[in-house]
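Enquirer: Can you read through this structure? Questions will come right after.
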Amino acid sequence: MLFGVVAGQAGATPAGMVKDPLTATAADFVPKPTVIDEPGKAELELKLPAKALTVKAGKIARFKGRISNVGDAAARSVVICVKGGGQKVPHTCSISSPFTLGAGKSRTGTMSLRAKRSAKEGMLLKVRISVWTKGAMTVAGTVRIKVK
């Protein structure tokens with residue numbers, strides 16, 4: 001008994017009178033592949049001052065730098081590293097304090113570099129500042145410091 005109607009009784013529809021018989025093939029039940037958008041990648045840019053900074057030996061040179069994420073995914077665990085300048089500028093990395101930079105966002109900050117006391121007057125120190133994150137290429141720039 002289906003919905004209160006018994007086959008062969010009044011009100012029941014004989015099988016020959018069905019207008020659209022149900023037909024299906026195995027191909028109708030094969031799942032169609034779904035297109036999944038690949039996650040974007042982070043892409044970093046670094047902007048540093050082009051002009052040489054002047055500082056006395058043993059003193060601190062301060063300048064502003066901007067890190068931008070022009071990619072379409074967040075940059076996680078961004079690390080800034082300072083190298084170069086021979087033995088006259090200490091080498092440091094911000095591995096202990098990485099930060100996250102969202103897609104399309106930028107971060108401006110003041111960086112400080114101390115020229116050691118042993119730096120002689122007239123020396124030109126070239127310091128390489130590199131920025132990297134997981135899944136993105138390392139970007140780097142150079143800051144020149146002139147000891148006066």
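Bear in mind these aren't lab numbers, they're just calculated from the coordinates by the rules spelled out. Keep in mind the model is a prediction, meaning the values are calculated, not measured. Cβ sites come from the backbone with ideal geometry, for glycine too, and all protein chains shown count toward neighbours.
Enquirer: Run the quick spin-label model on Ile60 and Gln87: label points 7 Å from Cα toward the beta carbon, then report their separation in nm to one decimal.
Expert: Placing both labels 7 Å beyond Cα along the Cβ direction yields 2.5 nm.
Enquirer: Sort Lys134, Lys116, Lys88 so that the residue with the fewest other Cβ atoms within 10 Å of its own Cβ comes first and the one with the most comes last. Walk me through the intermediate numbers first.
Expert: Details: Lys134 11, Lys116 15, Lys88 20.
With the sparsest Cβ surroundings first, the list reads Lys134, Lys116, Lys88.
Enquirer: A further question follows. What list do you get for Val70, Val143 if you sort them by fewest beta carbons within 10 Å? Before the final figure, lay out each step's value.
Expert: Details: Val70 12, Val143 24.
Going from sparsest to densest Cβ surroundings: Val70, Val143.
Enquirer: A further question follows. Roughly how many nanometres apart are two label points built 7 Å out from the Cα toward the Cβ at Val70 and Ile95?
Expert: My value for the distance between the label points is 2.9 nm.
Enquirer: Testing the spin-label approximation: label points 7 Å from Cα along Cα→Cβ at Glu45 and Lys134. State their distance in nm.
Expert: Rounded to a tenth, the inter-label distance reads 2.6 nm.
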